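Beneath this line is the structure, given in structure tokens, with notes to follow.
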Amino acid sequence: MLESLRDKSEVALSVKSLRYLLLDPNEMEGYVSLYKMQPIKRQTIITCMATLKKNMADEDAVCCLVIGTESGDMYILDPEAFTVQAKMALPSVPVYLDVTGQYDVEFRITVACRNGNIYILRRESRRPRYCVELGSQPVGLVRVNKNMVVGCAQDTLHCYTQKGKKLWTVFLPAAITTMAGMDHAAKGFQAVMVAMANSQVHVYRDKHLVNIILAQDVVTSLCFGRYGREDGTLIMTTKGGGLLIKILKRTAVFEEKDMSPGPPLAQSIRLNIPKKTKLYVDQTLRERESAVAMHRTFQTDLYRLRLMATRAYARVLEANLAPFSSSLSEPLKMNAVVQGIGPCFKLTLNLQNTSANQPSINLLISFMYDENLYSMERGFFKLPMLVPGLNYPIQTVVDCRSDKGVADTIKVFVLQVGRSSPLLTAHINMPVSEGLVVA
Amino acid sequence: MGLFDKLAGWLGLKKKEVHVLCLGLDNSGKTTIINRLKPSNAQVQDIVPTIGFSIENFKTSGLSFTVFDMSGQGRYRNLWEHYFKEGQAIIFVIDSSDKLRMVVAKEELDTLLNHPDIKHKRIPILFFANKMDIRDALSSVKVSQLLCLENIKDKAWYICASDAVKGEGLQEGVDWLQDQIKAMKT
Ligand SMILES: Nc1nc2c(ncn2[C@@H]2O[C@H](COP(=O)(O)OP(=O)(O)OP(=O)(O)O)[C@@H](O)[C@H]2O)c(=O)[nH]1
Ligand SMILES: [Mg+2]
């Protein structure tokens, strides 16, 4: 019989009996005779305590003591006689307790246990009503209004409803050392404070991080409430034995800044997008059905366009109509600037020989213009030798003969002695002469 | 002001009136100080925490003071700023034995000094480091250090230690305030 007890004990035994089972058979007799006169008692250790209002909700009303023990039992003691008024059994050892309600009316005890479960007990129930499986060991339990916030050993904070439904989870940067509630009645502010191994204390309102307190040392206990004359005082003790007192500023506001990771707020704002029209839908369908054909047509057109552009470019080059010459013998570049408001304009041609080392000689400049509109000092002249790389500004004066506010283009040709086609051509769009109007 | 009043003013018969705000945390002794400054027949015996604020009057040799004795309790402190416009001088009372709440007093003082109605006003501030009789009360020098009074550059200020229960140190402060107000008016 003793063997079967040793293998698997289904009966809870006292410490003395357990000891007895451990002894060698020859010591057993002596042990029994030593203790046989004393009654066998099962003693246990208190693991957590809380208070429960007896029948009034007032701040200072009479409370019953609620005790959780190492043996996995919960006791509610009568405040006057200290007799056990109710006893409830739990499947594991309770470590954190939260109690609401009144003993005589209705109450609810939330217990976080060492097996990583949370049990919710109600009045008139000897066994738990709801059970929440946490997935890791609980390291703190705080009630905010009707919801439970539980800190877990996996650096997480979970929130559950009274009935054990999970509302949210927050991931923390370090292991939790302690947790406490923060209830500022005057401001109507309720939050959960979580102290962590990285010496920070985070304040969460719902799942939003609203404040971070940096302590010099790891905070091991927290308490928020009235201290002396100040309502909003936070008292903390630290691992190294320090005591910190912080007073909440009267003007403090807690804002839900985007400190918690997750989708940014902008993501949830609905944009005002107009409805899709029939035309749009038809077009989309068509695009989906005949995508290949469309792509081909587009490619053909693109090739055509490129061909046309190349042809036009080649023609320009052949006719030397461009303001630069790429002929190997005489590579030249020219640009023209018109200055003045009229009727007299200054026309500056900047000519540059872009060849590496070959000077240009025997070049001529010729202008072509409407003689009724413009007159020029010299319509045709010879250019000096152009040394490679240097810029030659050549200035001429153009007079506008009309006061009708019309303008025309002047064509500039750079010619070479002995060649019939020009090397370069430039079209200068003359501005309207405003000089007469001004004068 | 009627002609008679003006005449009386010239002749020095009627005293100039000044409005003073009395500010400071709850339990610092504001009401006790003001009560002490009143003529002995007008003084009350038991002082209770002020609710909201109360208006008191007292006279010195040259001036007639109207004091807004504000409640220092947290929930009434937001009333203070509504009277900033009217105040021509401020008396700020500190409980020099309440070391823990010195930060709160500093916070309230800073809020006061940065308020738009006060910030650009050259208004004299008289500080009473009150309850100097309590055994480990801080000295007025220490209080002025903790409140960083040396940072107040654009206002005249003065701090004196006081014991409002016995009435010590009060006259010194009020004399300073009277000189400041007189200097300001002329
Ligand atoms: N020992 C000592 N006690 C003082 C002194 N001045 C005031 N007290 C006491 O401090 C307490 C508070 O004084 P009050 O004058 O009511 O303070 P208060 O600043 O008006 O407070 P509120 O009206 O709540 O803002 C009273 O019990 C006074 O007797 C002082 O100089 N020394
Ligand atoms: Mg008062």
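The values are calculated or read from the model by the stated rules, or taken from the named source; none is laboratory data. Small disclaimer: the values here were computed from a predicted structure and weren't measured. All Cβ positions, even for glycine, are placed from backbone atoms using ideal geometry, and neighbour counts span all protein chains on display. Accessible surface areas use protein heavy atoms only, side chains included; no ligands, DNA or RNA. Shrake-Rupley method; radii C 1.70, N 1.55, O 1.52, S 1.80 Å.
Tabulated values for the structure
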{"read-out": "Segment B:149-168 residues that are free of Cβ contacts under 8 Å to residues at least 24 places away in the same chain, paired with ones that are among the charged types (D, E, K, R) and within 16 Å of ligand 2 (Cβ to nearest atom) (beta carbon under 7 Å, 6 or more apart)", "value": "none"}
{"read-out": "Breaking point among (1) within 11 Å of chain A (Cβ to nearest Cβ); (2) in contact with an Asp or Glu (Cβ under 6 Å, 6 or more places away or on another chain), for residue B:95", "value": "(2)"}
{"read-out": "Single residue of segment A:226-252 satisfying the filter (away from chain B (no Cβ under 14 Å) and open to solvent by less than 40 Å² (accessible area, probe 1.4 Å)) that is farthest from the chain's Cα centre (by Cα)", "value": "A:242"}
{"read-out": "Every residue from segment A:33-52 that is surrounded by 10 or more Cβ atoms within 10 Å (Cβ to Cβ) and of a type in the set (S, T, N, Q)", "value": "A:43, A:44, A:47, A:51"}
{"read-out": "Selection within segment B:51-77 - touching an Asp or Glu at 6+ places or on another chain (Cβ under 8 Å) and within 14 Å of chain A (Cβ to nearest Cβ)", "value": "B:71, B:72, B:73, B:74, B:77"}
{"read-out": "Flag if residue B:137 is aliphatic (A, V, I, L, M), touching a Lys or Arg at 6+ places or on another chain (Cβ under 9 Å), surrounded by 20 or more Cβ atoms within 10 Å (Cβ to Cβ) and modelled with pLDDT under 95", "value": "yes"}
{"read-out": "Residue, nearest to residue B:18 (Cα to Cα), within segment B:141-186, restricted to residues that are basic (Lys, Arg) and in a loop (DSSP other than H, G, I, E, B)", "value": "B:155"}
{"read-out": "Scope segment B:106-134; condition of a type in the set (Gly, Ala, Ser) and within 14 Å of another protein chain (Cβ to nearest Cβ); matching residues", "value": "none"}
{"read-out": "Residue A:204 being within 14 Å of another protein chain (Cβ to nearest Cβ), modelled with pLDDT of 90 or more and over 26 Å from residue A:107 (Cβ atoms)", "value": "no"}
{"read-out": "Which listed residue, of B:92, B:68, B:58, B:84, is more than 14 Å from ligand 2 (Cβ to nearest atom), more than 18 Å from residue B:15 (Cβ to Cβ) and among the aromatic types (Phe, Trp, Tyr)", "value": "B:84"}
{"read-out": "In segment B:118-134, the residues that are more than 21 Å from residue B:164 (Cα to Cα), open to solvent by less than 40 Å² (accessible area, probe 1.4 Å) and not in a loop (DSSP other than H, G, I, E, B)", "value": "B:118"}
{"read-out": "Failed item, numbered, when residue B:79 is tested on (1) of a type outside the set (Phe, Trp, Tyr); (2) buried (at least 22 other Cβ atoms within 10 Å of the Cβ); (3) in contact with a Ser or Thr (Cβ under 8 Å, 6 or more places away or on another chain)", "value": "(2)"}
{"read-out": "Residue B:144 being open to solvent by less than 60 Å² (accessible area, probe 1.4 Å), over 19 Å from residue B:80 (Cα atoms) and within 14 Å of chain A (Cβ to nearest Cβ)", "value": "no"}
{"read-out": "Subset of segment B:35-50 (residues that are within 13 Å of ligand 2 (Cβ to nearest atom) and either over 13 Å from the mean Cα position of the chain (by Cα) or within 14 Å of chain A (Cβ to nearest Cβ) (or both))", "value": "B:44, B:46, B:47, B:48, B:49, B:50"}
{"read-out": "Residue list for segment A:186-198, restricted to those being free of Cβ contacts under 8 Å to residues at least 60 places away in the same chain and open to solvent by less than 20 Å² (accessible area, probe 1.4 Å)", "value": "A:192, A:193, A:194, A:195, A:196"}
{"read-out": "Hey, residue A:177 farther than 27 Å from residue B:77 by Cα, of a type in the set (S, T, N, Q) and open to solvent by less than 20 Å² (accessible area, probe 1.4 Å) or not", "value": "no"}
{"read-out": "Pairs with Cβ under 8 Å, 6+ apart, first in segment A:269-293 and surrounded by 10 or more Cβ atoms within 10 Å (Cβ to Cβ), second of a type outside the set (Val, Ile, Thr)", "value": "A:287/A:294"}
{"read-out": "Search result, residues across segment B:33-69 that are open to solvent by less than 40 Å² (accessible area, probe 1.4 Å) and either near ligand 1 (Cβ under 7 Å from one of its atoms) or not in a strand (DSSP E or B) (or both)", "value": "B:33, B:34, B:35, B:37, B:38, B:50, B:52, B:60, B:62, B:69"}
{"read-out": "From B:101, B:75, residue being at pLDDT below 90 and within 13 Å of ligand 1 (Cβ to nearest atom)", "value": "B:75"}
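The rows are residues; the columns are (1) in contact (Cβ under 8 Å) with a residue 60 or more places away in the chain; (2) in a loop (DSSP other than H, G, I, E, B); (3) buried (at least 16 other Cβ atoms within 10 Å of the Cβ); (4) not assigned by the TED database to the domain that holds residue A:337.
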residue: A:381; (1), (2), (3), (4): no, no, no, no
residue: A:393; (1), (2), (3), (4): no, no, no, no
residue: A:396; (1), (2), (3), (4): no, no, yes, no
residue: A:406; (1), (2), (3), (4): no, yes, no, no
residue: A:411; (1), (2), (3), (4): no, no, no, no
residue: A:415; (1), (2), (3), (4): no, no, yes, no
residue: A:422; (1), (2), (3), (4): yes, yes, yes, no
